[in-house]
Amino acid sequence: MAASGKPIRYLRSIFIPDDETRLILFEATPAEVVVATARQAGLDPDRVAQADSRERLAPG
């Protein structure tokens, strides 16, 4: 997708085995770019939502 002029960046994945849930975090605008990228990779996303993440600094 990035090669076709639609900027997207993979950030990280989170797997929750007990729920059989996988969260894949991307940075892209608009959200349709994320959906198209996931489908191109052979994934069928159940849901795509905007998220805001802030890293906590470790004390000390």
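Based on what the data block shows, is residue 48 at negative phi and assigned to a helix (DSSP H, G or I)?
Spelling it out, it is not the case that residue 48 is at negative phi and assigned to a helix (DSSP H, G or I).
Looking at the stretch 11-58, which of its residues are of a type in the set (Ser, Thr, Tyr) and at pLDDT below 90?
Across the stretch 11-58, the qualifying residues are 29, 37, 53.
I need the full set of residues from the stretch 11-29 which are surrounded by 10 or more Cβ atoms within 10 Å (Cβ to Cβ) and of a type outside the set (S, T, N, Q), in order please.
Matches in the stretch 11-29: 11, 15, 22, 23, 24, 25, 26, 27, 28.
Scan the stretch 30-44 for residues that are exposed (fewer than 13 other Cβ atoms within 10 Å of the Cβ) and not aliphatic (A, V, I, L, M) and jot them down.
Hits for the stretch 30-44 are 30, 32, 39, 40, 42, 44.
The values are calculated or read from the model by the stated rules, or taken from the named source; none is laboratory data. Just so we're clear, the structure is a prediction, and the values are computed from it rather than from any experiment. Heads up, the Cβs are rebuilt from the backbone with ideal geometry, glycines too, and the neighbour counts pull from every protein chain shown.
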